[in-house]
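Student: Supplied in structure tokens, the structure appears directly below.
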Amino acid sequence: MVSVAIMGHGVVGSGVAEILLTHKQKLFSSLGEEIYIKKILDLREFPDSPIADRFTKDFEEIISDLEIRVVVEVMGGLNPAYDFVKRCLTAGKSVVTSNKELVAAHGAELLAIAKEKNVNFLFEASVGGGIPIIRPMSQCLVANNVNEVAGILNGTTNFILTKMIEEGMQFEDALKLAQELGFAERNPAADIEGHDACRKICILASLAYGRHVYPEAVHTEGITKITLDDVKYAEAFGCVIKLIGRVKKLENDMLDIIVAPMLVPNKSQLANIDYEFNGIMVRGDCTGDVVFYGKGAGKLPTASAVVADVVDCCKHLKARKYLYWADGDGKNVISYADSVSKMFVRAACTSEEAQGAFGKITKIAENDGVLVFATEELRFGEFEEKAKQLEVLSAIRIGDL
Ligand code: HSE
């Protein structure tokens, strides 16, 4: 029997406890041992839980219990999660987390502690909810040089965009529904302003390229400025608008990394990923494109990935799994102004004025003095400079996806 503790009994934490209890036999067959929930840390009371007697409000009861070999952190946020996780690893306990904010902010340090203490620090659920992506990237695709990783990494914003496009639902109503369904972050600004997707692309970039990329180094835009007009004209151009997190390795080994709404061509594998589903495309030099698809948010999908990591930790209590990246200083990331793409533009101007500013353009529509067009590829800094000549209503990158 392996004793574990779960820190946090919110949406994901209660899902983890539920799966460990309801899938006990299934997990026993995989591990050959029982996984026993010895403690659950939460400040709230849960008198109706079948294991109500195992709840504690005191972290010291977990850290001081030598029988607890694996600790699950599903509290979210940085404090006190960072301190608790660091103390657990330092004390020689393996840690599993779904906390992307924690991994994006402190992953390199926590991985280094895990390595030093010969324990595991696993975080499959931190990106893509129930979709396997960390393990496939660190193991199955390890023979590849990864040229690019691009994905729809946030279920809440994808749910909102899909509801707006398919049902004409208002932004606020769609957000409220996402919150009720348990997809949204405690502070939904983290979803709609792109910070959650940013943390996830940072984790994938760190994993793919071996050096920590911190969120501060990544230009991040959310979906709050997207209008139904943008959606309509994107459709006329054969595209859908999605919030994309993307990292590309350039020829000079620098990383071009960004989170922003992008026009995704209908033929792209990422175009038909709707509602709370996530999709992640990994471009390997040996495999070509590999796409991972599934539920990126929600109680049981996310808890499923956490429990898989718990099983992996229990299987590797002695032999550590190799999952590691070094610290980074952001010097390997280019400025977003140097990132090159085509742009979709709506502007109050004529075709001649648009050509005067950008040279060759592709006209998409013209209505009531508003021109909708696509530019050729250009640096974003150059786009911003040229766009000053026009009254731009919206400008969205066109993804090469
Ligand atoms: N708020 C996140 C999302 C939860 O909507 O994708 C899963 O990380």
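Student: At 222 nm, what value in deg cm²/dmol follows for the chain if DSSP H runs of at least 4 each add -39500 (n - 2.57) and the sum is divided by all its residues, to the nearest 500?
Tutor: Details: 13 runs with 136 residues, N = 401.
Helix contribution divided over all residues of the chain: -10000 deg cm²/dmol.
Student: Let me ask something additional. Under the 0.36 nm per residue contour assumption, what length would be gained going from the current alpha-carbon distance of Val291 and Glu109 to full extension?
Tutor: Roughly 62.6 nm would be gained on extension.
Student: Report, as a whole number in µm² per second, the diffusion coefficient that Stokes-Einstein gives for region 247-401 at 4 °C and 1.567 mPa s using the Kirkwood radius over alpha carbon pairs. Let's see the in-between values first.
Tutor: Values: Rh = 19.2 Å.
Reported coefficient: 67 µm²/s.
Student: Taking each pair of distinct Cα atoms in region 121-173 once, what is the resulting Kirkwood hydrodynamic radius in Å? Don't skip to the answer; put the middle values down first.
Tutor: Numbers: mean 1/r = 0.0742 Å⁻¹.
One over the average 1/r among Cα pairs gives 13.5 Å for region 121-173.
Student: Net charge around Asn79, counting only other residues with Cβ within less than 14 Å of its Cβ (Lys, Arg = +1; Asp, Glu = -1)?
Tutor: That works out to 0.
Student: What do you get for Rg/Rh over the chain if you use C-alpha atoms and the Kirkwood form of Rh?
Tutor: Over the Cα atoms of the chain, Rg/Rh equals 1.02.
Student: To continue, here is another question. What percent of all Cα-Cα pairs in region 226-296 falls in each 10 Å bin, counting up from 0?
Tutor: 18, 44, 31, 7, 0
Student: May I ask you to evaluate 6.51 cos²θ - 1.76 cosθ + 1.60, the Karplus curve with θ = phi - 60°, for each residue of region 24-40 and list the ³J(HN,Hα) values in order in whole Hz, giving x for glycine and proline?
Tutor: 3, 5, 4, 6, 4, 5, 6, 9, x, 8, 7, 9, 10, 6, 8, 9, 10
Student: Around Lys176, with a cut-off of 13 angstrom between Cβ atoms, what is the net charge of the other residues, counting Lys and Arg +1 and Asp and Glu -1?
Tutor: -3
Student: Could you tell me the center-to-center distance, by alpha carbons, between region 118-140 and region 22-89 in angstrom?
Tutor: A separation of 19 Å, based on Cα centres.
Student: Which is farthest toward the positive dipole end of region 153-211 among Phe159, Gly194, Met169, measuring Cα position about the Cα centre, with Cβ charges +1 (Lys, Arg) and -1 (Asp, Glu)?
Tutor: The one lying farthest along the dipole's positive direction is Gly194.
Student: Against the empirical 2.2 N^0.38 Å scaling, what ratio does the C-alpha Rg of region 54-182 come to?
Tutor: On the way: Rg = 18.1 Å, N = 129, 2.2 N^0.38 = 13.9 Å.
Relative to the 2.2 N^0.38 Å estimate, region 54-182 comes out at 1.30.
Student: Would you kindly find the accessible area of Tyr293, with a 1.4 Å probe and non-protein molecules such as ligands, DNA and RNA excluded, rounding to the nearest 10 Å²?
Tutor: Counting only protein heavy atoms, Tyr293 exposes about 130 Å² to solvent.
Student: Report, to one decimal in Å, the Kirkwood hydrodynamic radius for region 139-263 based on all distinct Cα pairs.
Tutor: Here the Kirkwood hydrodynamic radius works out to 15.4 Å.
Student: Still on this structure: If you consider only alpha-carbon coordinates, what radius of gyration and Dmax does region 318-401 have, in Å?
Tutor: When restricted to Cα atoms, region 318-401 yields Rg and Dmax of 19.0, 69 Å.
Student: Need the C-alpha centroid separation for region 189-214 versus region 346-401, integer Å.
Tutor: Taking the Cα centre of each part, region 189-214 and region 346-401 sit 29 Å apart.
Student: I'd like to know which of Tyr336, Gly359, Gly369 lies farthest towards the positive end of the charge dipole of region 259-401, counting +1 on Cβ of Lys and Arg and -1 on Cβ of Asp and Glu.
Tutor: Value computed over the given set: Tyr336.
Student: About its Cα centre, how strong a charge dipole does the chain have in debye, to the nearest 20, once Lys and Arg get +1 and Asp and Glu get -1 at the Cβ?
Tutor: 1220
Student: Take the eigenvalues of the Cα gyration tensor for region 16-63, scale each by 5, and report the square roots as semi-axes in whole Å, largest first. Could the numbers behind the result be given before it?
Tutor: Working: eigenvalues 106, 35, 9 Å².
For region 16-63, the semi-axes come out at 23, 13, 7 Å.
Student: Moving to a separate point now. Among Ala91, Leu31, Phe59, whose Cα projects farthest towards the positive end of the dipole of region 1-111, with charges put on the beta-carbon of Lys, Arg (+1) and Asp, Glu (-1)?
Tutor: Value computed over the given set: Leu31.
Student: Separate question: Where q = 0.17 Å⁻¹, what log10 of I(q)/I(0) comes from the Debye formula for region 1-126, counting one point per Cα?
Tutor: -0.85
Student: Provide, in order from the shortest bin, the percent of all Cα-Cα pairs of region 187-258 in each 10 Å bin, continuing until the bin that contains the maximum pair distance.
Tutor: Spelled out bin by bin, region 187-258 gives 19, 40, 29, 12, 0 percent.
Student: Taking the Cβ of Gly330 as the center, what net charge do the other residues with Cβ under 12 Å away carry, scoring Lys and Arg +1 and Asp and Glu -1?
Tutor: -1
Student: Here's a follow-up. Starting from the coordinates of the alpha-carbon atoms of region 147-216, obtain the Kirkwood hydrodynamic radius over all distinct pairs and give the value in Å to one decimal. Walk me through the numbers on the way to the answer.
Tutor: On the way: mean 1/r = 0.0766 Å⁻¹.
Computed over region 147-216, the radius equals 13.0 Å.
Student: Over the chain, with a Gaussian network built from C-alpha contacts below 10 Å, which listed residue (Lys342, Lys321, Lys360) shows the highest mean-square fluctuation?
Tutor: Lys360
The values are calculated or read from the model by the stated rules, or taken from the named source; none is laboratory data. It should be emphasised that the depicted structure is a prediction, and the values quoted were computed from it without experimental measurement. All Cβ positions, glycine included, derive from the backbone under ideal geometry; neighbour counts span all protein chains shown. Accessible surface is based on the protein model in full, side chains and every heavy atom, while ligands, DNA and RNA are left aside. Shrake-Rupley method; radii C 1.70, N 1.55, O 1.52, S 1.80 Å.
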